[in-house]
Amino acid sequence: MDLLTNILAATVVAGTPLLLVALGELICERSGVLNLGQEGMMLMGAVAGFIATLSTGSLAAGIVTAMLTGLAMSMLFAVMAVTLSANQYAAGLALTIFGTGLSAFVGAGFVGQSIEGFEKIAIPLLSDLPVLGRALFTQDLLVYFSWLVFAGVALFLRFSRGGLVLRAVGESPGAANANGLRVLTVRYLAVAFGGAMAGLAGAYLSLAYTPMWTENMTSGRGWIALALVVFASWRPGRLLLGAYLFGAASILHLVLQGLGWRSPTELLAMLPYVVTILMLILLSFDPVRTRLNTPLSLGQPYRPGH
Amino acid sequence: MLQLERRPEASTTLRWLSPLLALALTVATGFLLFLGMGKDPIQALTFFFITPISDLTGLAELGLKTAPLLLCAAGLTVCFRARIWNIGAEGHFLIGAVAASAVAVSVGEAGGFLVLPAVLLAGIAGGMAWAAIAAFLKTHLNCNEILTTIMLNYIALNLLLYAVHGPLKDPYGFGFPQSVMFADAALLPALINGTRLHIGLAFGLLAAVAVWVLFARSFIGYQLNVVGEDHRAAAFAGFSARRLTWFALLVGGATAGLAGAAEVTGPIGQLVPQVSPGYGYTAIIVVFLGRMHALGIIAASALLALTFIGGEMLQIAMNMPKAVTAMFQGMLLFYLLTCDAFIHYRIRFRRPLPAGLSQPAAPAGQEL
């Protein structure tokens, strides 16, 4: 029983950064913009958040700095991909390569330093539930915050006018423009949200998951999140499920080792990536379904006629 | 009011000027950055761009690092021209290195002129096999190649780590995760005696020539171009997108796999975990910077090779983090894409029109 609780709790922790960054990317893609720069924005968020917390001693300062850094990075992307109509694949890749380099450069002097990370907070009553109590309701603040963001995103997309606007822009920017919607503004906002969330997800890694900074500490999570959005067919509910599934996959090797599996670490460490490919296969072999779910204008730059 | 307006025709001048502009902007930003860090910017830029290539040894080192970049970039050019977004050169490179090392280690001290070709072929085959996975996933299971190739890169890295910690580990290596040193028969001959430069650079140049021939003289190159420009037109013409995807990815795997093999049989002489400082990823920048053209990628490979050596130089001489390399590379690509926007668009100054009036819409669509 204790083991199960521990595994579930670790799954939630491992799934949280994925959930955060993927929720941002979901909104971004729903507006028709594919930002492959998640990994770069996460890394910048992680390093900026860590440095801010280290120098001020405040976790809140770290979080805010990380989100602003992610946002600033995403604006670089937006200028290229939204305003200048650059190829979104290339611009996103550029953002990842740039963010990886810049974060390593900025963080070089901070490797090996440590901070007090986020502490677990037990929610009264709920945390007394058997098994789930400790797994779900004895977590750090950011885990709870990720649920709030999830609920916000789900409700926004489903019930708000803003959500309708966002979806309209993503499905048919031309029609949206003809109806007086500001396509580029909506896309800028969506990209900005994605950037802030990626920054936050990065900060989760450097302030809560492992309170320190190491080069490339995201180890592909930004890319996994992109696969996760495809896996979720661009729907928040499935995204939540998917994030924890991927979270479970990423701690599977620890669990197996804990159970006494004597398999080489390096082979077990491949598992999250193998699982990601398997998920992609499962979800993509029906091209018709994939096409129906994909926001219609995804990846297409839009230039309103002046 | 400043407005972005589509040019009636793409500007050829800017197409070739853009990389130079991007380089100038990168250098200028680097200048400001070093100044902000309290370092002497002139000195730092000299160490970065000039000192490394001011003697024969330096030039040889430049060639040494140009070789893997050029090989990877040649293969990626074939993919990117057809808009197949293969991000997997890093993985192909690593698997190529592991496969070549496996053969080199198992041959051991046995000599003979067949050893080296066998080792290199193993590298090529390894890279191709790794690329074939992505090709199969794309053509038969409809998986996005960006995501699969990235995931395969991480898997390849873990396979490499497994190899040096497990089956290929030197049993007498004092526990270091690395293979034995390869026998002489498995090592690439030097290109210039007395330097580390080996014939891997010749492979790279040959690959660039092959790319030129492919796109300038062959039907399959033409088909790849058409698929990249307009996949519907290609489908109407009866070109098989599936066959072309396989072709492009296998070529990409072969060249990057050869690059990996040439790295372990060239300067390193054994399999180590740090066999690639990210050549496969940097090669993506090379392809964009080199305008997907044979001559362009040769020049771009040399420039990006310089950023690797320049970064090391700055680390030694001015105690700066080695990551300055990756930052410069990222900046370069960023500026390049921004400058590239002006190949197709131009900025016009225009007074805002009275409300209710609008100008005819510019034609939609874009090219890279």
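Given the rule -39500 (n - 2.57) for each run of at least 4 DSSP H residues, summed and divided by the residues of chain A, what is its mean residue ellipticity at 222 nm, to the nearest 500 deg cm²/dmol? Rounded to the nearest 500, it is -22500 deg cm²/dmol. Remark: accessible surface ordering of A:Arg158, A:Arg235, A:Arg262, B:Arg6 (largest first) is A:Arg262, A:Arg158, A:Arg235, B:Arg6, probe radius 1.4 Å. When only alpha carbons of segment B:126-249 are considered, Rg and Dmax amount to 20.1, 62 Å. Assuming a viscosity of 0.890 mPa s and a temperature of 25 °C, what translational diffusion coefficient in µm² per second does Stokes-Einstein assign to chain B, Rh being the Kirkwood radius over Cα pairs? Answer, rounded: 112 µm²/s.
State the three equivalent ellipsoid semi-axes of segment B:1-68, derived from the C-alpha gyration tensor as the square roots of 5 times its eigenvalues, in descending order and whole Å. Could the numbers behind the result be given before it?
Working: eigenvalues 209, 90, 12 Å².
Rounded to whole Å, the semi-axes are 32, 21, 8.
With R₀ fixed at 60 Å, the C-beta to C-beta distance from B:Met181 to B:Gln3 puts the FRET efficiency at about 0.45.
Of chain A, which part is the longest with no chymotrypsin sites (Phe, Trp or Tyr not before Pro) in a loop (DSSP not H, G, I, E, B) and with at most 16 other C-beta atoms within 10 angstrom?
Working: sites that count: A:Trp261, A:Phe285.
Longest stretch, sites excluded: A:1-260.
Distance between the 7 Å Cα→Cβ label points at A:Thr210 and B:Thr57: 3.7 nm. A:Val255 to B:Val213: FRET efficiency via 1/(1 + (r/R0)^6), r the Cβ-Cβ distance, R0 45 Å, to the nearest 0.05? My answer for the efficiency is 0.30. Which angle from 0 to 90°, rounded to the nearest 10, does the C-alpha axis of helix A:271-284 make with the longest principal axis of chain A? The two axes meet at around 40 degrees. For chain B, which DSSP H helices look membrane-span-like by this rule: Cα extent along the axis of 18 Å or more and mean Kyte-Doolittle of at least 1.6? Length and hydropathy pass: B:115-139, B:200-217, B:294-318.
Using a 10 Å Cβ count of at most 14 others and DSSP loop calls, identify the longest part of chain B lacking such chymotrypsin sites (Phe, Trp or Tyr not before Pro).
In short, B:175-368.
Determine the order of A:Ile251, B:Ile42 by accessible area, beginning with the largest, at a probe radius of 1.4 Å.
Details: A:Ile251 10, B:Ile42 105 Å².
Accessible-area ranking of A:Ile251, B:Ile42, largest first: B:Ile42, A:Ile251.
In segment A:1-107, the ratio of gyration radius to Kirkwood radius, Rg to Rh, stands at 1.07 when only Cα atoms are counted.
Could you give the accessible area per residue of segment B:2-349, probe 1.4 Å, as a whole number in Å²?
Numbers: 13950 Å² over 348 residues.
Counting only protein heavy atoms, the per-residue value for segment B:2-349 is 40 Å².
Relative intensity of segment A:154-271 on a log10 scale, I(q)/I(0) at q = 0.11, 0.13, 0.21 Å⁻¹, equals -0.54, -0.70, -1.28, per a Debye sum over C-alpha point scatterers of equal strength in the absence of solvent. Measuring nothing but how far apart in sequence close Cα pairs (under 8 Å, 6+ apart) lie, relative to its length, chain A scores a relative contact order of 37 percent. So what are the ³J(HN,Hα) numbers for segment A:138-146, from phi and the Karplus equation (6.51, -1.76, 1.60; θ = phi - 60°), rounded to whole Hz, Gly and Pro as x? For segment A:138-146, the Karplus curve yields 10, 10, 7, 4, 5, 4, 5, 4, 4 Hz. Need one word for segment B:1-144: rounded, prolate or oblate. Basis is the Cα gyration tensor (sqrt eigenvalues a ≥ b ≥ c); a/c below 1.5 gives rounded, then a/b vs b/c decides. Cα axes put segment B:1-144 in the oblate bin. Sites counted here are GluC sites (Glu not before Pro) in a DSSP loop (not H, G, I, E or B) having no more than 16 other Cβ atoms within 10 Å; the longest part of chain A that contains none of them is A:120-306. For a quick check, take a GNM of chain B with Cα springs below 10 Å and name the residue from B:Leu303, B:Leu76, B:Leu114 with the largest mean-square fluctuation. Its mean-square fluctuation being the largest, the pick is B:Leu114.
Between B:Ser11 and A:Leu184, what FRET efficiency follows from the Cβ-Cβ distance if R0 is 35 Å, with the result rounded to 0.05? Here the calculated transfer efficiency is 0.90.
Annotation: amide H of B:Ile199 within the under-5 Å range of B:Leu191, sequence separation 5 or more or interchain, hydrogens built in the peptide plane. Dipole check for segment B:2-349: with +1 at the C-beta of Lys and Arg, -1 at the C-beta of Asp and Glu, and the Cα centre as origin, the magnitude is about 980 Debye.
When shorter helices are ignored and each DSSP H run of at least 4 residues is given -39500 (n - 2.57), the per-residue value for chain B at 222 nm works out to -22000 deg cm²/dmol.
Find how much the distance from B:Leu32 to B:Arg196 grows on full extension, using 0.36 nm per residue of separation minus their present alpha carbon separation; answer in nm with one decimal. Mind dumping the intermediate values first?
Details: separation 164, 0.36 × 164 = 59.04 nm, distance 3.48 nm.
So the extension gain works out to 55.6 nm.
The solvent-accessible area of B:Cys143, taken with every protein chain present and a 1.4 Å probe, is close to 0 Å².
Relative contact order (percent) for segment B:2-349, with alpha-carbon contacts under 8 angstrom and 6 or more residues of separation? Relative contact order, segment B:2-349: 36 percent.
Going by a ≥ b ≥ c, the root eigenvalues of the Cα gyration tensor, does chain A fall in the rounded group (a/c under 1.5), the prolate group (a/b larger than b/c) or the oblate group? Cα axes put chain A in the prolate bin.
Given just the C-alpha atoms of the protein assembly as shown, how large is their convex hull per residue in cubic angstrom? Spell out each step's value before the answer.
Values: hull volume 117.9 nm³, N = 674.
Roughly 175 Å³ of hull volume per residue.
With 0.36 nm allotted per residue and the present C-alpha distance subtracted, the A:Val274-A:Ile121 stretch has 51.7 nm of extension available.
Within the straight-line cut-off of under 21 Å between alpha carbons, the lysines reachable from B:Lys65 are B:Lys322, sequence neighbours fewer than 8 places apart in one chain being disregarded. Principal-axis analysis of the Cα atoms of chain A puts helix A:161-171 at an angle of about 70° to the longest axis.
Between helix A:221-231 and chain A there is an angle of about 60 degrees, using the helix long axis and the longest principal axis of the Cα atoms.
Computed over protein heavy atoms with a 1.4 Å probe, the carbon and sulfur contribution to the accessible area of the protein assembly as shown reaches 67%. Among rounded, prolate and oblate, which fits segment B:138-207 when a ≥ b ≥ c are the square roots of the eigenvalues of its C-alpha gyration tensor, a/c under 1.5 means rounded, and a/b larger than b/c means prolate? Because a/c hits 1.5 or more and a/b fails to exceed b/c, segment B:138-207 counts as oblate.
Given Cβ point charges of +1 (Lys, Arg) and -1 (Asp, Glu) and nothing else, what value in debye, to the nearest 20, does the dipole of chain A about its Cα centre take? Please list the in-between numbers first.
Details: 15 positive and 12 negative charges, 191 e Å.
My answer is approximately 920 debye.
The values are calculated or read from the model by the stated rules, or taken from the named source; none is laboratory data. Note that the structure is a prediction, hence the values are computed from the model and not measured. Note that each Cβ is placed from the backbone with ideal geometry, even for glycine, and that neighbours are counted across all protein chains shown. Surface areas here come from the heavy atoms of the whole protein model, side chains and all, with no ligands, DNA or RNA. Shrake-Rupley method; radii C 1.70, N 1.55, O 1.52, S 1.80 Å.
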